[in-house]
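Colleague: Attaching a single structure in structure tokens format; questions to follow.
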Amino acid sequence: MKESYIIIKKVENSRGVTVPIIMLNGLSEVMEFDDYDSANKMAQLFEVNSDSGWKYTIRKISGNTIN
């Protein structure tokens, strides 16, 4: 089974609860990466450019399962 990686944005809602948001590409599809390094590089870029201090994490997906 093919493995790929996605980026999860951690956002705090109005009640102070952290909510995970799966990042999408420009076509409203889940933004997937073939390798961890590419996903991590993009997540770091998002964090550097975040004016709200959001954090981004990488998750590995295998088939239909997010790990």
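Colleague: Only one of THR57, THR65 is among the hydroxyl-bearing types (Ser, Thr, Tyr), within 13 Å of the chain's Cα centre (by Cα) and either modelled with pLDDT under 95 or surrounded by 12 or more Cβ atoms within 10 Å (Cβ to Cβ) (or both). Can you tell me which?
Modeller: Of THR57, THR65, the one residue that is among the hydroxyl-bearing types (Ser, Thr, Tyr), within 13 Å of the chain's Cα centre (by Cα) and either modelled with pLDDT under 95 or surrounded by 12 or more Cβ atoms within 10 Å (Cβ to Cβ) (or both) is THR57.
Colleague: Quick test of your reading of the structure: GLU32 fulfils all but one of (1) within 10 Å of the chain's Cα centre (by Cα); (2) surrounded by fewer than 12 Cβ atoms within 10 Å (Cβ to Cβ); (3) acidic (Asp, Glu). Name the failing condition by number.
Modeller: Condition (2) is where GLU32 drops out.
Colleague: Within the stretch 16-67, track down each residue that is closer than 17 Å to GLU3 by Cβ, among the polar types (S, T, N, Q) and either in a strand (DSSP E or B) or free of Cβ contacts under 8 Å to residues at least 12 places away in the same chain (or both).
Modeller: THR57, SER62, ASN64, THR65, ASN67
The values are calculated or read from the model by the stated rules, or taken from the named source; none is laboratory data. All of these numbers come straight from a predicted model, not from anything done at the bench. Glycine also receives a Cβ, built like all others from the backbone with ideal geometry; neighbour counts cover every protein chain displayed.
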